[in-house]
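Since the structure comes first, as structure tokens, the remarks are kept for the end.
The numbers here are math on the coordinates, done by the rules we state, and not lab data. All values derive from a computational prediction rather than experimental measurement. In this analysis, Cβ positions are derived from the backbone assuming ideal geometry, glycine residues included, and neighbour counts consider all displayed protein chains.
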Amino acid sequence: MAKETRAGTPDGDERLNGFSWLSSSMVRYCVVQAFGEDWLHQKSPKIAGKRTTKAGQPSMEAVSTIGNLSKLNYLDLCDNELSGDLPASIGVLENLHSLYLCANQLSGPIPPPLGKLGNLTSLSLSLNNLSGPIPREISDLRNLKYLYLWQNGLSGHIPSEIGRLASLIELDLSENELTGSIPHSIGNLRSLSVLYLYQNGLSGPIPSGIGRLTSLVELSLQRNKLTGSIPHSIGNLTSLSLLYLYQNGLSGPIPSEIGRVTSLIKLDLSENKFTGSIPRSIRNLTSLSLLHLFENGLSGPIPSEIGRLASLIELDLSENKLISSIP
């Protein structure tokens, strides 16, 4: 998970309502100001029981005179014991640029008012028990660079509006219960370097527009219900080092354009319905350390060009219809 570097520790004499940085020792203060004392005690007794009394760390007596956190721009409450719904009032922290609530026990839906945090560049709600759809309002976070919603119970379709997040660098929606197709608008995310949509219930084809994501380094779509062929535009992803499409229902031939992705290190197309021969263009993938094509319907000879892949550590072509001797 990408986290922006903290600028430095604030002076203990600085006015607290001017803080743009939040240390772990100020978690209690932040929660009280953002969500209220009652919410704190109900949702996280672990934090509620903490009182900070050292210089520069506000006690509860000091908190009552502080006011609001109108200038707060960094909030990290990851790996605590926060539970219950994510409060809609979080939408009032309009100066936040980083919000990390990962690895808690939060449940319920992602509140649409989250879309009011227009200055957010990093958002992580991963490793919780959130449910319901991804709200369309998330597309209002036009400055967002890192979006992590993995390992929750989110359902419904990936909103097509997600294609408006043109600044996104990393998008991880994996290990949820998302259904429907991958929206064509995903091809608008030209700055994307990491796209993880694996282990959902996504269906339909891989959109050809994915070939417009020329900055993509890692693409993981495995363990879904995707069908159709690999788009020929995959050859445009010349920065790609990892391509995982295994355990889907993909079919047709492996496109020869895959040989243009010479940066590939790991390629796993196993447990699909691919047919035809292994393309000879695979000889161009000289950086490959892993090549898994097992459990498909591939036929024809094993291309001798595989012998040129000197970096290979794992090669699995089992459970196909390949013929002839090992080259």
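Would you please give the FRET efficiency between Ser263 and Asn129, computed as 1/(1 + (r/R0)^6) with r the Cβ-Cβ distance and R0 = 35 Å, to the nearest 0.05? Using R0 = 35 Å, I get an efficiency of 0.40. For the stretch 176-327, with equal point scatterers placed on the C-alpha atoms only and solvent neglected, what are the log10 I(q)/I(0) values from the Debye formula at q = 0.16, 0.17 1/Å, to two decimals? Per q value, in the given order, log10 I(q)/I(0) is -0.83, -0.94. Less than 5 angstrom separates the built amide H of Leu154 from those of Glu177, all sequence-distant by 5 or more or on a different chain. Using R0 = 35 Å, the C-beta based FRET efficiency linking Glu177 and Thr286 works out to 0.35.
Here the stretch 113-133 is scanned for amide nitrogen atoms under 18 Å from the site 7 Å beyond the Cα of Asn95 along Cα-to-Cβ, giving 116-122. With r defined as the distance between the Cβ atoms of Asn119 and His157 and R0 fixed at 22 Å, what FRET efficiency is calculated, to the nearest 0.05? E(calc), rounded to 0.05, equals 0.20. In this structure the amide hydrogen of Gly276, modeled in the peptide plane, comes within under 5 Å of the amide hydrogens of Ser299, none closer than 5 places in sequence on its chain.
Counting only C-alpha contacts under 8 Å and six or more residues apart, can you give the relative contact order of the stretch 230-308 as a whole percent? Relative contact order, the stretch 230-308: 30 percent. The 3J(HN,Hα) values that the Karplus relation (6.51, -1.76, 1.60; θ = phi - 60°) gives for the stretch 282-290 are, in residue order, 4, 4, 6, 8, 6, 8, 4, 10, 9 Hz. Gly and Pro appear as x.
With a threshold of 24 Å on the Cα-Cα distance, the over-threshold entries among Lys71/Lys145; Lys225/Lys266; Lys145/Lys225 are Lys145/Lys225. Charges were assigned to the Cβ only: +1 to each Lys and Arg, -1 to each Asp and Glu. The resulting dipole of the stretch 61-159 about its Cα centre is roughly 380 debye. Could you grab the relative contact order for the stretch 192-271? Cα pairs under 8 Å, six or more apart, rounded to a whole percent. Value for the stretch 192-271: 29 percent.
Amide H contacts of Cys78: Cys102, each under 5 Å away and 5 or more positions distant or on a separate chain (H built 1.01 Å from N in the peptide plane; Pro and chain starts excluded). Label 7 Å along Cα→Cβ of Thr214; the stretch 253-288 residues with amide nitrogen under 18 Å? Residues 257-264 fall inside that zone.
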